[in-house]
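What follows is a short report on a single structure.
The values are calculated or read from the model by the stated rules, or taken from the named source; none is laboratory data. Note that this is a predicted model, so its numbers are computed, not measured. With ideal geometry, Cβ positions are generated from the backbone for all residues, glycine too; neighbour counts draw on all protein chains shown. Note: areas computed on protein heavy atoms with side chains; ligands, DNA, RNA excluded. Shrake-Rupley method; radii C 1.70, N 1.55, O 1.52, S 1.80 Å.
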Amino acid sequence: MSAKVLILPGYGNSGALHWQSRWEQANPAFVRVQQRDWDAPVCDDWVAAIENAVRSAGPDVVLVAHSLGCLAIAHWAATPHSPIRGALLVAVPDPEGPDFPAQASGFGEPPARPFAFSSTVVISDDDPYGTPAYSAQLAQAWGSSAVRIGSCGHINAESGLGDWAAGFELLRQLRD
């Protein structure tokens, strides 16, 4: 694998058992994009943090987002931004869904236009934060490949995926 990797957790950050944290621990070159506030996220702040991290990392980078991080990438991609190689977007939440965090500000109506980079959207059949139809619709609008992985909940630590080897393979494909 050659491209650098930036990890973009969702609301509340990813805990120690989350596959993002496990990948970061196993791969010291992977860098987590830090947000000013994980529990009261503001989209514009998250977008600015992504741009700063990408600018520092350079164009040979792949973003790995979970949940709210996916929506932040969509908003970032709709603004003038530094180039990247690709993005892996896992468990895209629906900002109009009943379980979307009320504390999250500005993430609604994610831009639905093609990204200027390769991307893959990973979809669970029973994600409580976004239906497969919603995720597939955004994947198509973004020009992303869509990968359905069956019933894996919100594709987080509670999903019991451990190091999530199948997801790491999707990352490898974007990096190579």
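Restricting attention to the range 5-44, the residues that are assigned to a helix (DSSP H, G or I) and open to solvent by less than 70 Å² (accessible area, probe 1.4 Å) add up to 6. Among the listed residues ALA48, ALA74, ALA78, ALA53, which satisfies the condition of being among the small types (Gly, Ala, Ser), modelled with pLDDT of 95 or more and closer than 26 Å to CYS152 by Cβ? Step by step, each of ALA48, ALA74, ALA78, ALA53 is checked, and only ALA74 is among the small types (Gly, Ala, Ser), modelled with pLDDT of 95 or more and closer than 26 Å to CYS152 by Cβ.
Do we find that ALA102 is farther than 25 Å from SER124 by Cβ and surrounded by fewer than 21 Cβ atoms within 10 Å (Cβ to Cβ) in this structure? No; evaluated as a whole, the condition is false for this residue. Does ARG113 fit the bill of being open to solvent by 20 Å² or more (accessible area, probe 1.4 Å) and under 22 Å from ALA141 (Cα atoms)? Yes, satisfied. Scoring SER2 on the criteria (1) hydroxyl-bearing (Ser, Thr, Tyr); (2) buried (at least 17 other Cβ atoms within 10 Å of the Cβ); (3) over 12 Å from the mean Cα position of the chain (by Cα); (4) not in a helix (DSSP H, G or I) leaves a single failure, condition (2).
For the range 45-67, the set of residues classified as of a type in the set (S, T, N, Q) and either buried (at least 24 other Cβ atoms within 10 Å of the Cβ) or assigned to a strand (DSSP E or B) (or both) consists of SER67 only. The sole residue among SER151, SER135 that is among the small types (Gly, Ala, Ser) and surrounded by 15 or more Cβ atoms within 10 Å (Cβ to Cβ) is SER135.
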